[in-house]
């Protein structure tokens, strides 16, 4: 039932994204319009995939570090991706792939560094150290990023700033295809880890007594969630709040078991980002807002409301 | 009567990295089906390390652990969770959940990767809830339970694993007398009626003496006595273990310990 509702909402969102835009197209022209097929549709689909990836990554990372405030970007990935992207902008790297590739390399570099820091005694991944290491690596990368931006020219500065707040204006069918090929593996790893993640909420020792191979679980979930986030940030920049708010909304509505939580977080995250992107490119048309601003404007009040409900009950 | 040997530790010695001394030294212990085995000792005597070593979370530096005749390190976590249910001393409740959901976690070691929760699993959950007198709690939120109810629910979760052996690490800490007695009675019933083996870590010398078939006394990781309560809990041994003068008096055929006042003339 919930999947019917969410699937219907997802289709409605995609349809709405096709209908509205700065170019006013008559309804009859829509099916044959290149604007719809080459601009609006790939952009809406990419927004949906990125939002879904962020929702799933956020849900699994919150369970991994056992901290409800965790966010896919808390573990230093946004800092690394930002540094990569801004370096690519400052160095004027050519080609449409330079920016996403540089951001991806930056994110994966930060992930590797945080992972190495989190490996205590060379064997066991300590979630607390992951959190602290993520904040440290993120702050360090952020400092370098700001240094580069502060020395940059005005147009570069604007580009860097826009990228850092996230946007899907670079969407294309090729990027959609890249996500469709890349995302299924980490998604499958996380879905396969759904039940052990339920157990991990009890603590590492109780989880092992209930049959979870916690050491392997922590590594797999960290790597899969981070690689998912790295791809999302590479194609769409740093989009905040989707990975933080979506897991909480889904937990409140559909309960805490990850078998349900992960698929619903994917659909809800996808819907949220597709809606946010449609707003980002229409409310101030013909100009665009960075989509991260829209998700923050939508997400913060929702989060504040949830927080309030939580602390009251 | 020769009942099946479920858990055996032989000469187990454990030492944490960088620790100045062994946490366990040469501990041997056997738990058979239908047997209630208690481990007694003061704080820091290695009781929890014993549980971790028995369940493969700490690798002994010497000695062997066997579960159902198979070496402890030869078990995967999932296979072990199908035969041993554990009540750890502490656990978290990160996100709110209901009692029935919690007990269902005990079925996880039995579920296949892609398969759902089947009728067998639901039946096992309901049976475990009934066994622990927790059926009427099933729809409650976990955080609304009292300490005694919470322990019964956790025991139900362990029983939903359908284990051969139950390991309980100080399950009655912070329970009042009624709930403490209820828990001991319940555990004894499970041992007698279902042939479960039980290994219980506890501070309660007198309750262990009355409910358990065998006790092991630990001091600073060293075993100082193991066997039937009547044989082990002598005045000399008990005083040595707890470092306090005591008297031992029989009650219903079991030794009971009474700690002595230091000033004999006190009122």
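Odds and ends about this structure:
- When both bridge partners sit in the protein assembly as shown, DSSP labels roughly 60% of those beta bridges antiparallel.
- Residue among A:294, A:238, A:36 with the largest mean-square fluctuation in a Gaussian network model of chain A, springs linking Cα atoms under 10 Å: A:36
- The mean sequence separation of alpha-carbon pairs under 8 Å and at least six residues apart, normalised by the residue count of region B:94-162, gives a relative contact order of 53 percent.
- Sorted largest first, the spans of the alpha carbon positions of chain B along the three principal axes are 65, 45, 42 Å.
- Relative contact order for chain B, counting Cα pairs under 8 Å that sit 6 or more residues apart, in percent: 25
- Given R0 = 30 Å, the distance between the Cβ atoms of residue A:216 and residue A:140 translates into a calculated FRET efficiency of 0.55.
- When the alpha-carbon atoms of the protein assembly as shown are used, the pair Rg, Dmax equals 29.2, 105 angstrom.
- Orientation-averaged projected area, Cα convex hull of region B:94-162 (nm²): 4.6
- Legend: mean number of C-beta atoms from other chains within 10 angstrom of residue C-beta atoms, peptide B:88-94, equals 6.
- Cα pair distances of region A:153-289 binned at 10 Å [whole percent]: 10, 34, 32, 16, 7, 1
- Per-residue shielding of A:193-206, expressed as the average number of other chain Cβ atoms within 10 Å of the residue Cβ, stands at 5.
- Put in line by how crowded their Cβ is, counting other Cβ atoms within 10 Å and starting with the fewest, B:14, B:132 read B:14, B:132.
- Fraction of beta bridges assigned by DSSP in chain B that are antiparallel (%, nearest 5): 60
- Computed over the Cα atoms of region B:63-193, pair by distinct pair, the Kirkwood hydrodynamic radius stands at 15.5 angstrom.
- Dividing the mean sequence gap of close Cα pairs (under 8 Å, 6+ apart) by how many residues region A:1-148 holds gives a relative contact order of 22 percent.
- Structure remark: mean-square fluctuation, Gaussian network model of chain A, C-alpha springs under 10 Å; the largest value among A:107, A:23, A:236 belongs to A:23.
- Averaging Cα coordinates gives a centre for region B:194-225 and one for region B:6-55; these two points are 11 Å apart.
- For the options B:200, B:257, B:181, a Gaussian network treatment of chain B with springs between C-alpha atoms closer than 10 Å singles out B:181 as fluctuating the most.
- Net length available on complete extension from residue B:19 to residue B:192 is 58.3 nm, with 0.36 nm assigned per residue and the Cα-Cα distance removed.
- Computed [θ] at 222 nm, helices only, for chain B once each DSSP H run of length n ≥ 4 contributes -39500 (n - 2.57): -9000 deg cm²/dmol
- Residue by residue along B:105-117, Cβ atoms of other protein chains within 10 Å of the local Cβ number 3 on average.
- Put in line by how crowded their Cβ is, counting other Cβ atoms within 10 Å and starting with the fewest, B:28, B:45 read B:28, B:45.
- Among A:19, A:125, sorting on how many other beta-carbon atoms sit within 10 Å of each Cβ, with the fewest leading, yields A:19, A:125.
- Enclosing the Cα atoms of chain A in their convex hull gives a volume equal to 139 cubic angstrom per residue.
Quick note: the coordinates plus some simple rules give every number you see, no bench work behind them. Just so it is clear, the structure is predicted and the values come from calculations on it, not from any experiment. Using ideal geometry, Cβ is built from the backbone for each residue, glycine included, and neighbour counts are taken over all protein chains shown.
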